[in-house]
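The values are calculated or read from the model by the stated rules, or taken from the named source; none is laboratory data. Remember, predicted model here, so these are calculated numbers, not experimental data. No Cβ is skipped: glycine too gets one built from the backbone with ideal geometry, and neighbour counts run over all protein chains shown. Only protein heavy atoms, including side chains, enter the accessible area calculation; ligands, DNA and RNA are left aside. Shrake-Rupley method; radii C 1.70, N 1.55, O 1.52, S 1.80 Å.
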Amino acid sequence: MHAAEFPIRPHRAGTAAALTGGFVVEATLLGWLLAHGIIGLPAMTTSLAIYSLMAALVWRGQGAGPFGLANTVTALRGGMIAVLPALVVTPQPLGPILAWSIIGFGLAALALDGVDGQIARKRNEASDFGASFDMEVDAAYVLFLSGLAATSGRAGAWILLAGLMRYLWVAAAAAWPALRRPLPPSLLRKSVCVIVLLLLLSALVPIIPSSWAALPCALALALLLVSFGRDLVWLMRRAGMAAAAPSHILRSAAVYDGCPQVESE
């Protein structure tokens, strides 16, 4: 057979390289945790399986265009945060060194969340796929941090609601078509996500007493309820289903109509 019968797909090669990079980042961090006896092989396997699932979904969902540098950064960020499930399934109080280490690389992962968006805009790589990839990594990050706050004793099991909120929305959208309508990109929504992640990370700070650690978690949950609630009412207004809602709720939901918007990443 001629080589021409097997066309090279550069965009797939870029995707494979990016996802492999995320795997290397994750495996390196997991290896350190395993070597120091913080996690066991089952926990390590759990994290690797979660990243593998993410990589499979990315591989399947990517369009025909190149993967791009912005999505590569997002993949690396995904590899960083995919380490957290190994700690979630190994319930234990976090010692100071481990807690500060989690906060350090957690802040680094959060910083990369801004980097990928800037790269996408500067390199003209913004796309619906990139925006969705970024959003789902953020949602997983909130879920993993919520689980870690619960299993480490920094908050009660109720904080899991914060991490599950995105997935409850997706489940509800499967039965209610109005929730599938696209929402406008919003600086407010993006800011809430960043603040929530900062609050969940702050709950892990060792110098904060355990009795106080639940406060930033509660605030994070409240912010998510407000954000998702506004999105819900905004979609109801668009579907003509919110006429009976109190006027102050409608005005609150209308904030997305006039607030500064951000480009999709």
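Just a few scattered comments:
- Among residues of the stretch 83-103 that are on the phi < 0 side of the Ramachandran plot and among the hydroxyl-bearing types (Ser, Thr, Tyr), those with a beta-carbon under 8 Å from a residue that is open to solvent by less than 40 Å² (accessible area, probe 1.4 Å) and not in a helix (DSSP H, G or I) at least six positions away or on a different chain give the pairs THR90/ILE38; THR90/ILE39; THR90/GLY40.
- Residues located in the stretch 30-74, provided they are closer than 28 Å to THR90 by Cα and among the polar types (S, T, N, Q): THR45, THR46, SER47, SER52, THR74
- Number of positions in the stretch 204-250 that are modelled with pLDDT of 85 or more, over 30 Å from PHE105 (Cβ atoms), open to solvent by 50 Å² or more (accessible area, probe 1.4 Å) and out of contact with any helix residue (DSSP H, G or I) (no Cβ under 7 Å at 6 or more places or on another chain): 1
- Total residues in the stretch 184-198, condition among the hydroxyl-bearing types (Ser, Thr, Tyr) and touching a residue at least 60 places away in the same chain (Cβ under 8 Å): 1
- In this structure, ALA174 does not qualify as of a type in the set (A, V, I, L, M), outside any loop (DSSP other than H, G, I, E, B) and open to solvent by less than 20 Å² (accessible area, probe 1.4 Å).
- Against the test of being in contact with a helix residue (DSSP H, G or I) (Cβ under 6 Å, 6 or more places away or on another chain), surrounded by 13 or more Cβ atoms within 10 Å (Cβ to Cβ), among the charged types (D, E, K, R) and touching a residue at least 24 places away in the same chain (Cβ under 8 Å), the options ARG166, ARG181 yield a single qualifying residue, ARG166.
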